[in-house]
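Enquirer: Can you keep this structure in mind? I'll have questions shortly.
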Amino acid sequence: MRRSLPWLLPLVVAALGLIAIDVPPGPIVKYCVYFALAIALPGTLLLRAAWRSTGNWAEDLGLGSVVGATWQLIGWAVFTALGWQRWLIVWPALVLVAFASVRRLRSNWRITQPTPLPVAWTWGLAVASTVVLGATTLGVMAYHEPPPQGSAYYQDLLYHLSMVNELMRTVPPELPQVAGERLEYHWFANADMAAAVDITRLTPIIVLFRLWLLPWLVVALLVSATLARTVSRTWWTGVLAAGALAAPQLHLFFDTSVNLSAPLSFLSPSQTFGMVACVAAAVFLIELLFKGARGWLWVVAFAVVVLGGGSKPTVLPVLVGAVGLASVVLLVQTRRVPARVVVAGALLVAIGAATMLTVAGSTSGSGLQFLAILKSSGDYAAATGDRTPAGEGGLIVPALAQGAVVGTLVLLCVLLIHQATALVGFGALGKHRREPVAWFLIGGLIAGWAGYLLIDHPSVSESYFIYTAIPFGLAAAGWLAATLVRDLPARTRTRSLVSALVLGTVCAGLMLVADAKPVGSQRHQLLLVARPLLVILVLAGLWWLLRQRSGAGLVVVLALLAVVPIKSFGQSVVHGDSERAQRFTSPRWWVYPDEVSAALWLGKNSAPTDVVAANTWCRPAGKQTSGCDARGYIVSGFAGRRTLIEGWAYTNEAMAQQGVGGRRYTEQPSPWPERVALTNEVLAAPTPDLLRWLRQLYHVRWLYADARDGTVSPALDRLAELRHSVGKVRIYDLGE
């Protein structure tokens, strides 16, 4: 009981945070019960039966939640394919009933060989969870109001909302924005949300905007802490890993924000879900390949690998890199590679290929370009003079090709400073280069950095490679820190910790002072961009001065982990963000009240499989002829219905056109021009034959006509049944 008490803190903070943003207590309680009894507990029981307990409930529930989500995905696919979605609760209940009734399985309800972690570990993880949950509810979720309260919606949220609704309908899913086409996206996170909606009977809106993310953030901390403890065999490295993920979120208590600090994400559920699966799979693979585990853990591990592969395309490359580098090192060291390592590597490659061909869409438009990530920096043009957008250029970043070597190197150094959390883990090789597990972690880091520095995606999605690998770096850094600590007396450890915090604060302060908008001549702008390199000079100088002193290595490792969180916190406290509204109000993504109201009405009064013809593919509203950003998801998102054609920007067909005609993929013409033309003609100049053709050829049942987005002919009132009208939106029923 004493060990459970700290976990009340994040639970209470999360509940109060949700209530503060107008979530009623009923849905909060219902979702907590759902996650506990349908995800965490069944998964924990399955994990213990297939493998063993970690010796403590917290780590069991962290890893078990990932296993539970994997089991849930299987049930969701079966029940949805059969049209039994409303009975999905039976699937996790089968596990609970089996483990309660079968004598051989009953022992898994308890830990037979407890090895409890110190109470300090529990408090550390509980405090880290409290920070993340409070920051998410009060700083990020508060910034994004769900329908119908909001006035603007970040486009990715409506896109994910459309997929949640689609994944409640059928397996395999269709593309909600182009009815009849296959959905090409890494949609497993959205399927998990769909399963949650099916079981809880809560709305997809409240699940996506408010509830789904919170337990997975806690699981992310737990599995990252478990990975760190597994490799270091030291309990406090888990607290260090969780703290490194939680600390950057502290500033959200002072400022609302569009998103969480990486690698956690609100706007990309696939990133958070995929990273959690990747880290859990890494724990299982380490046990299988290097610690002698066997049996059913193989099934569990690779089922989780599939979950990760279908959640984010970055997961399999990181895991392949981890196992691949460990294999090479084993071959060099022992002249042989154990069969289990070869089998694991082959399975990872096979699963990677399978997921890339089936559920890893949204990768079109990507190319190879060394250091392309530098183009995403706000200082890129100032430092180099080049203005090439993401997704365009040759095999090396254009600035380097054009001779801007100094500016490119400055930007690269600044990038390395900001990615210190993902970089510091490489130091583990200094102490553990004979350990295959160390090379496993470094292999994952190398794969993450390779994707980060070599891939050029039109939406800068190469960043997700490094985000996925960050827990590997934290585990390696913690292992290095634990090794350094073992050689130090207690007084030196305390002094090193205090010194690291002071040094991290000084470096963060230097970065804040250097955080100025580049102005003036090209040379002056470059000098301003280069000022954060003072951090490198300070660290290098101190390392040189103290390199012979006891604890110097530990100071540098901890300081590097502390710099980014302290800078983030200081930036919020010192500078604030007073010019930004407390709610997301972007004019580009403004949605008019009548658009939302009409879409919600349509969702309530139509069948889940009905198809809608709508002219809402462009944002801002009314920009069909010029300045159209094809990320409009009014009907597929709010109403949750398939459309004849709606925002096509995130389709592979559109992303492959990045840069054509000098336009981004979001502004390219529709890959389905005949659907666009037919929709416009039906709304502007309808005839009985056109409406009949629409119904017979594309199975369209409804028309959603927004006068802001094009001509809406009064003749529709005679040719179709007007079912709803509000503001400038009219909804027509074409009949069965």
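Enquirer: Only one of Leu202, Leu227 is not in a helix (DSSP H, G or I) and not polar (S, T, N, Q); which?
Expert: Leu202
Enquirer: Let me ask something else. How about the range 706-733: which of its residues are more than 19 Å from Ile634 (Cβ to Cβ) and either part of a helix (DSSP H, G or I) or touching a residue at least 24 places away in the same chain (Cβ under 8 Å) (or both)?
Expert: The answer is Ser713, Ala715, Asp717, Arg718, Leu719, Ala720.
Per-residue answers, yes or no, for (1) without any contact (Cβ under 8 Å) to a residue 24 or more places away in the chain; (2) surrounded by fewer than 23 Cβ atoms within 10 Å (Cβ to Cβ):
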{"site": "Ala36", "(1), (2)": "yes, yes"}
{"site": "Ile39", "(1), (2)": "no, no"}
{"site": "Leu47", "(1), (2)": "no, no"}
{"site": "Ala50", "(1), (2)": "no, yes"}
{"site": "Asn56", "(1), (2)": "no, yes"}
{"site": "Gly68", "(1), (2)": "no, no"}
{"site": "Thr80", "(1), (2)": "no, yes"}
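Enquirer: If I go through the range 107-120 residue by residue, how many of them are surrounded by 12 or more Cβ atoms within 10 Å (Cβ to Cβ) and either in a loop (DSSP other than H, G, I, E, B) or not aliphatic (A, V, I, L, M) (or both)?
Expert: Counting residues in the range 107-120 that are surrounded by 12 or more Cβ atoms within 10 Å (Cβ to Cβ) and either in a loop (DSSP other than H, G, I, E, B) or not aliphatic (A, V, I, L, M) (or both) gives 7.
Enquirer: For the range 591-705, which fully contained helices (runs of 4 or more DSSP H) count at least 1 residues that are within 29 Å of the chain's Cα centre (by Cα), assigned by TED's automatic domain parsing to the domain that holds Ala720 and of a type in the set (S, T, N, Q)?
Expert: 652-655
Enquirer: So which residues in the range 412-427 are of a type outside the set (Val, Ile, Thr) and either in a helix (DSSP H, G or I) or over 27 Å from Ser568 (Cβ atoms) (or both)?
Expert: Leu412, Cys413, Leu415, Leu416, His418, Ala420, Ala422, Leu423, Gly425, Phe426, Gly427
Enquirer: Within the range 51-74, can one find any residue that is over 29 Å from Ser265 (Cα atoms) and among the aliphatic types (A, V, I, L, M)?
Expert: Checked the range 51-74: no residue is over 29 Å from Ser265 (Cα atoms) and among the aliphatic types (A, V, I, L, M).
Enquirer: Still on this model: How many residues, within the range 1-34, are among the small types (Gly, Ala, Ser), under 20 Å from Val207 (Cα atoms) and either touching a residue at least 24 places away in the same chain (Cβ under 8 Å) or surrounded by fewer than 17 Cβ atoms within 10 Å (Cβ to Cβ) (or both)?
Expert: Selection size over the range 1-34: 4.
Enquirer: Which numbered condition in (1) in contact (Cβ under 8 Å) with a residue 40 or more places away in the chain; (2) surrounded by fewer than 24 Cβ atoms within 10 Å (Cβ to Cβ); (3) in contact with a Phe, Trp or Tyr (Cβ under 8 Å, 6 or more places away or on another chain) is the only one that Arg641 fails?
Expert: Unmet condition: (2).
Enquirer: Failed condition for Leu716, given (1) buried (at least 21 other Cβ atoms within 10 Å of the Cβ); (2) in contact with a Pro (Cβ under 6 Å, 6 or more places away or on another chain), with all others met?
Expert: Here Leu716 meets the rest and fails (1).
Enquirer: Let me ask you something else. Being polar (S, T, N, Q) and surrounded by 20 or more Cβ atoms within 10 Å (Cβ to Cβ) is the filter here, so list the residues in the range 658-686 that pass it.
Expert: Correct list: Gln658, Thr666, Gln668, Ser670, Thr679.
Enquirer: Could I ask something else about it? Among the listed residues Val564, Val519, Val513, identify the single one that is closer than 30 Å to Thr384 by Cα, at pLDDT 70 or above and not assigned by TED's automatic domain parsing to the domain that holds Leu245.
Expert: Val564
Enquirer: Among residues belonging to the range 679-693 that are free of Cβ contacts under 8 Å to residues at least 60 places away in the same chain and in contact with a helix residue (DSSP H, G or I) (Cβ under 9 Å, 6 or more places away or on another chain), point out the one that is nearest to Gln624 (Cα to Cα).
Expert: That would be Glu681.
Enquirer: Also, I was wondering about something else. Please verify whether the range 342-360 includes one or more residues that are assigned to a loop (DSSP other than H, G, I, E, B), more than 21 Å from Ala422 (Cβ to Cβ) and under 20 Å from the mean Cα position of the chain (by Cα).
Expert: Taking every residue of the range 342-360 in turn, at least one turns out to be assigned to a loop (DSSP other than H, G, I, E, B), more than 21 Å from Ala422 (Cβ to Cβ) and under 20 Å from the mean Cα position of the chain (by Cα).
Per-residue answers, yes or no, for (1) modelled with pLDDT of 85 or more; (2) surrounded by 22 or more Cβ atoms within 10 Å (Cβ to Cβ); (3) in contact with a strand residue (DSSP E or B) (Cβ under 7 Å, 6 or more places away or on another chain):
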| residue | (1), (2), (3) |
| --- | --- |
| Thr408 | yes, yes, no |
| Thr421 | no, yes, no |
| Lys431 | no, no, no |
| Gly443 | yes, yes, no |
| Ile446 | yes, no, no |
| Pro458 | yes, yes, no |
| Thr468 | yes, yes, no |
| Phe472 | yes, yes, no |
| Thr483 | yes, no, no |
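Enquirer: Spot the failing condition for Val97; the list is (1) surrounded by fewer than 21 Cβ atoms within 10 Å (Cβ to Cβ); (2) more than 25 Å from Trp187 (Cβ to Cβ); (3) touching a helix residue (DSSP H, G or I) at 6+ places or on another chain (Cβ under 9 Å); (4) among the β-branched types (Val, Ile, Thr), and only one is missed.
Expert: It is condition (3) that Val97 fails.
Enquirer: Checking the structure you have, find out if any residue of the range 363-373 is in a helix (DSSP H, G or I) and either over 30 Å from Val171 (Cβ atoms) or in the same structural domain as Leu73 (by TED's automatic domain parsing) (or both).
Expert: Yes, the range 363-373 contains a residue that is in a helix (DSSP H, G or I) and either over 30 Å from Val171 (Cβ atoms) or in the same structural domain as Leu73 (by TED's automatic domain parsing) (or both).
Enquirer: Taking into account only those residues within the range 247-296 that are small (Gly, Ala, Ser) and modelled with pLDDT under 95, which is surrounded by the fewest Cβ atoms within 10 Å (Cβ to Cβ)?
Expert: So, considering only residues that are small (Gly, Ala, Ser) and modelled with pLDDT under 95, the one surrounded by the fewest Cβ atoms within 10 Å (Cβ to Cβ) is Gly292.
Enquirer: May I pose another question? What pairs come out if I take residues in the range 644-665 that are among the polar types (S, T, N, Q) and pair them with residues that are not in a loop (DSSP other than H, G, I, E, B) whose C-beta lies under 6 Å away, six or more apart or interchain?
Expert: From the range 644-665, the pairs are Gln657/Tyr665; Gln658/Tyr665.
Enquirer: Also, I was wondering about something else. Would it be correct to say that Pro436 is touching a helix residue (DSSP H, G or I) at 6+ places or on another chain (Cβ under 7 Å), within 30 Å of Thr651 (Cα to Cα) and in contact (Cβ under 8 Å) with a residue 40 or more places away in the chain?
Expert: For Pro436, the condition - touching a helix residue (DSSP H, G or I) at 6+ places or on another chain (Cβ under 7 Å), within 30 Å of Thr651 (Cα to Cα) and in contact (Cβ under 8 Å) with a residue 40 or more places away in the chain - is not met.
Enquirer: Between Ile351, Ile373, which is in contact with a Phe, Trp or Tyr (Cβ under 8 Å, 6 or more places away or on another chain), crowded, with 19+ Cβ neighbours inside 10 Å and under 30 Å from Phe290 (Cβ atoms)?
Expert: None of the other options fit; the residue is Ile351.
Enquirer: Could you check Gly403 against (1) part of a helix (DSSP H, G or I); (2) over 21 Å from the mean Cα position of the chain (by Cα); (3) without any contact (Cβ under 8 Å) to a residue 60 or more places away in the chain and say which number it fails?
Expert: Checking Gly403 against (1) part of a helix (DSSP H, G or I); (2) over 21 Å from the mean Cα position of the chain (by Cα); (3) without any contact (Cβ under 8 Å) to a residue 60 or more places away in the chain, the one that fails is (1).
Enquirer: If I filter the range 581-638 down to residues being of a type in the set (Lys, Arg) and either surrounded by fewer than 19 Cβ atoms within 10 Å (Cβ to Cβ) or within 21 Å of Glu174 (Cβ to Cβ) (or both), which single residue comes out as modelled with the lowest pLDDT?
Expert: For the range 581-638, the residue satisfying everything is Lys623.
Enquirer: Could you count how many residues in the range 230-281 are in a helix (DSSP H, G or I) and of a type in the set (D, E, K, R)?
Expert: Going through the range 230-281 one residue at a time, the tally reaches 0.
Enquirer: Can you tell which of Gln624, Gln696 is out of contact with any strand residue (DSSP E or B) (no Cβ under 6 Å at 6 or more places or on another chain), over 16 Å from Gln155 (Cα atoms) and free of Cβ contacts under 8 Å to residues at least 12 places away in the same chain?
Expert: Going through Gln624, Gln696 in turn, the sole match is Gln696.
The values are calculated or read from the model by the stated rules, or taken from the named source; none is laboratory data. All figures in this text were calculated on a predicted structure; none of them were measured in a lab. Because the Cβ atoms are built from the backbone with ideal geometry, glycine has one as well, and the counts that use them run over all protein chains shown.
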